[in-house]
Structure formats: C-alpha cells, structure tokens
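Quick notes on the structure that follows.
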Amino acid sequence: MPRFFVREPRPEDGFLALTGENAAHAKVLRLKAGDDVTVCDGQGMDYRCTVLSAAPERVALQVRSAWPSYTEPRVQITLFTAFPKQDKLEHVIMKATELGAAAVVAFPSARCVSRPDGPSLSKKLARWRKIAASAAEQSGRGRIPDVAVAASLEEALRQAAGRDLPLFFYENETNASLRRRAEGVRFTTAAIVTGPEGGFTPEEAGLARALGLPVCTLGPRILRCETAPLCALSALLYACGELEGVDQT
C-alpha cells in the first residue's frame, strides 16, 4: 500500500489532502478514486485512507481508521557518526532509517578527511534529510529520523552522554563488548558513537571516557566507517528484541 508522510495531518471531519511533492508522487503512482493509501504524520501515527479524487496538485482522501505505527522501535537509538569521505554518509542515513534509528548526528573529528561547512553543509544537510524521509516512506517507518550536525566531537559526546545507554566504539578497545556494556542496563534511549576513516585518536577516546561514555568494541575485525554504525545499530536492536515479528492484530 502506498505510504505518504504529511507533517501534522490533522484530519478535518475525517478528510485529508495530499499536496506538493506528495501529490506529484501520487500522480506517478497513478492513484485513482477508490485506491487505499496510508498517511503518516511522521510522529508515529498512521491513517488508513481511501482516495476520493486525484487531481495533479491535490489528492482528496477519506480517513478510514487511525492507529499508532507498529513499526517503530520501543528504544530510541541515535547514531553519532564522524563525517566520512564522499557520499558514504548518505548510505548510512538510508540504511539506519530502514533499520529503525531515531536520529543521525554527524560531527567532525581529528581524522576526518571530509569537513563540510557553510553553504556546502547546508546543502548536504537538506539532501540528507530528504534521504531519511524517502527511506522512512519506503521502509514503512512511523517516524522520519532527525538528521543533524554537531559542531565538534565534544558536542556530539555531550549529547550522547545524555542517553540512558551511550556507547563509544573504539577499535583499540579489546575487552568490553556491546553485549557486556548493555547487559543488565535498563534503557529507553541509547547513543552509538563511531569514528571516521582511520578511527578515533587515543585522546578522543580519553575524552569520551572523561565524559562518562562506556568505550567498547565491535569485535576483532576492523570495520569500515560506514559499516560500524550499521553493525552496532543492528546488534543493539537485536539485543533489545526489536528484530522480532510484530502482532498487527
């Protein structure tokens, strides 16, 4: 069933309308009167709707039912990832959205080769957010993950430290695993912090420890900077039971 995100749809007397890019997408899909669609407010609420009429700039819908989205993880996990080279961050944002990340925050660190700023960063941020919205729609998410930028590693670490379970992944850590760090901890929010090509410096790992972030490993193999955050996210979701089937009845 086609899925559309509409910010704060606020059905009026049981009716909604698709306009702008959503209407253009509906035209591409060749929606017509009688077709069923799902409209999501981007905040976890889904609306089952039927198309009443489809014009090029406006698609009128009748709301049949509404319910909280069953696809959203109970644990909100934010990825904090250092700027990678080229378009690798686009891949991370897309796949993290599909997996269920609540947000993605990019930041500069000592070994970052890419350091977008100014107009270039603004343009990239707009594109990253569009990628997250598209991936959320495609994967049936109930929310569009926020995509943001922290001005420095320290700022990112301080944000991460505010989560119930903050995890800093460092390739030179050999003993403390994700499983060990998460075992016995009750949490509803978590943060995953991963580095750039070349990894974090010892000083950066020291800063993470000083700010109270548990340092851990993703195993004995060296993962690429675009692989590590997705690996950690998948592992943590699995540990939380978020990769199980869901009863939709």
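See the values below:
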| read-out | value |
| --- | --- |
| Segments classed as strands (runs of 3 or more DSSP E), wholly inside the stretch 1-83, with at least 1 members that are in contact with a helix residue (DSSP H, G or I) (Cβ under 7 Å, 6 or more places away or on another chain) and modelled with pLDDT under 90 | 3-5 |
| Checklist (1) without any contact (Cβ under 8 Å) to a residue 40 or more places away in the chain; (2) in contact with a helix residue (DSSP H, G or I) (Cβ under 8 Å, 6 or more places away or on another chain); (3) surrounded by fewer than 21 Cβ atoms within 10 Å (Cβ to Cβ) applied to Ala132, failing item | (3) |
| Every residue from the stretch 235-244 that is in a helix (DSSP H, G or I) and in contact with a helix residue (DSSP H, G or I) (Cβ under 6 Å, 6 or more places away or on another chain) | Ala235, Ala239 |
| Count - residues of the stretch 213-233 that are open to solvent by 40 Å² or more (accessible area, probe 1.4 Å) and either under 19 Å from Ala106 (Cα atoms) or at pLDDT 95 or above (or both) | 4 |
| Within the stretch 84-96, considering residues that are farther than 12 Å from Thr227 by Cα and at pLDDT 95 or above, the one surrounded by the fewest Cβ atoms within 10 Å (Cβ to Cβ) | Glu90 |
| Scan of the stretch 1-23 for residues that are among the hydrophobic types (A, V, I, L, M, F, W, C) and surrounded by 14 or more Cβ atoms within 10 Å (Cβ to Cβ), ordered by number | Phe4, Phe5, Val6, Leu16, Ala17, Leu18, Ala23 |
| Failed condition for His91, given (1) outside any loop (DSSP other than H, G, I, E, B); (2) in contact with a helix residue (DSSP H, G or I) (Cβ under 8 Å, 6 or more places away or on another chain); (3) in contact (Cβ under 8 Å) with a residue 60 or more places away in the chain | (2) |
| Matching residues in the stretch 170-207 - criterion: being assigned to a helix (DSSP H, G or I), at pLDDT below 95 and surrounded by 15 or more Cβ atoms within 10 Å (Cβ to Cβ) | Leu178, Arg181, Ala182 |
| Filtered residues of the stretch 104-123 (kept if open to solvent by 80 Å² or more (accessible area, probe 1.4 Å) and either of a type in the set (Lys, Arg) or not in a helix (DSSP H, G or I) (or both)) | Arg111, Val113, Arg115, Asp117, Lys123 |
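The values are calculated or read from the model by the stated rules, or taken from the named source; none is laboratory data. Just so it is clear, the structure is predicted and the values come from calculations on it, not from any experiment. As a convention, Cβ positions derive from the backbone with ideal geometry for all residues, glycine included, and neighbour counts pool all protein chains shown. To get the accessible areas, we keep the full protein, side chains included, count just its heavy atoms, and leave off ligands, DNA and RNA. Shrake-Rupley method; radii C 1.70, N 1.55, O 1.52, S 1.80 Å.
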